[in-house]
Amino acid sequence: MNPAAPRIELGAGAFHFPGLLDRPAQEALLAGLREAVRVAPLFAPRMPRTGKPFSVRMTNCGALGWVSDAAGGYRYQPTHPDTGAPWPPIPPIALDAWRALSGVDVEPDACLVNFYGAEAKMGLHQDRDEETFAAPVVSLSLGDACRFRIGTDARGGPTRSCRLESGDAFVFGGPARLAFHGVDRIHPGTSTLLREGGRINLTMRRVRAF
Ligand code: SIN
Ligand code: FE2
């Protein structure tokens with residue numbers, strides 16, 4: 001991890017850390033994720049009720065994983081929806097980033113891993129399926145850059161955007177914990193980390209009260 005990484009505030013409680021992970025750290029994290037995906041393959045989550053698939057594919061690490069399907073809606077569960085197996089552990093580099101940036105003395109119990117192809121995006125939403133909002137969301141980006149957008153906790157409120165590059169972290173907590181956020185677009189071909197292109201985002205969260 002790069003201790004000299006700058007911290008850029010994008011509204012109260014929302015911070016961008018460009019270049020937190022140097023290239024060797026990115027490669028080590030990627031190796032950990034490849035191992036995780038072997039145990040817990042990427043799956044295509046579906047919207048509650050309509051069953052419309054998300055444009056991102058997902059998996060999880062940690063005690064609890066975030067899943068979504070037509071019948072059950074958004075939820076956390078301790079097992080993979082297709083294999084029924086427990087989720088693999090959160091990669092150590094990701095845990096290091098949480099410890100450095102979260103400001104809380106508790107471990108994350110969930111790490112959602114999103115994979116974005118060139119055309120994928122994520123609409124503005126709140127992360128609010130957790131039992132507690134006392135810990136921030138700590139996000140790490142690998143691979144192609146994206147335009148990330150974050151607003152307030154009111155839908156339709158003002159938003160700001162920034163470009164997240166491979167190795168960047170983004171943290172939103174406190175007054176920004178329930179801020180609407182999303183990914184407007186991927187910038188294909190902007191990173192050499194993933195041989196096939198695309199973007200990976202990890203979001204670590206504390207789901208259970210502490
Ligand atoms: C998310 O909100 O689940 C993902 C955010 C990102 O991909 O940067
Ligand atoms: Fe989110």
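A short reminder: the numbers here are calculations on the coordinates, not readings from a lab. The structure presented is a predicted model; accordingly, all values stated were derived computationally and were not measured. Quick reminder, even Gly has a Cβ in these numbers, built from the backbone with ideal geometry, and neighbours come from all protein chains shown.
Below 8 Å between Cα atoms, with a sequence gap of 6+, how large is the relative contact order for the chain in percent?
Numbers: 527 pairs, mean separation 51.4, N = 210.
About 24 percent, as a whole number.
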Protection-proxy order for peptides 59-67, 166-174, 2-10, 180-188, each taking the mean of Cβ atoms within 10 Å per residue, highest first: 59-67, 166-174, 180-188, 2-10
Signed unit charges on C-beta, dipole axis of the range 1-101, positive-most listed residue Pro88, Thr50, Ser68: Thr50
Chain lengthening between Ala28 and Arg128 when straightened (0.36 nm per residue, less Cα-Cα): 33.0 nm
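Assigning unit charges at the beta carbon (Lys, Arg +1; Asp, Glu -1) and nothing else, what dipole magnitude in debye, to the nearest 20, does the chain show about its Cα centre? Spell out each step's value before the answer.
On the way: 24 positive and 21 negative charges, 112 e Å.
I would put it at about 540 debye.
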Cα-centre dipole for the range 58-170 with unit charges at Cβ (Lys and Arg positive, Asp and Glu negative), debye to 20: 460 debye
Whole-Hz ³J(HN,Hα) from phi, Karplus 6.51 cos²θ - 1.76 cosθ + 1.60, for the range 3-15, glycine and proline x: x, 8, 4, x, 10, 10, 8, 10, x, 4, x, 10, 10
Label-reachable residues, the range 140-163, where backbone N falls under 17 Å from a point 7 Å from Leu42's Cα toward its Cβ: 140-146
Distance histogram for the chain (every C-alpha pair counted, 5 angstrom bins, percent rounded to whole numbers): 1, 8, 16, 21, 23, 19, 9, 3, 0, 0
Derived scalar couplings ³J(HN,Hα) [the range 109-115; Karplus, 6.51 cos²θ - 1.76 cosθ + 1.60; whole Hz; x for Gly, Pro]: 10, 8, 9, 7, 10, 9, 10
Normalised contact order of the range 1-68, rounded percent, pairs of Cα under 8 Å and 6 or more residues apart: 20 percent
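Tell me which trypsin sites (Lys or Arg not before Pro) from the range 8-80 have a DSSP coil assignment and no more than 15 other beta carbons within 10 Å of their own. Show your work: numbers first, answer last.
Numbers: sites: Arg34, Arg38, Arg46, Arg49, Arg57, Arg75; in loops: Arg49.
When the trypsin sites (Lys or Arg not before Pro) of the range 8-80 are filtered for loop state and at most 15 Cβ neighbours within 10 Å, Arg49 remain.
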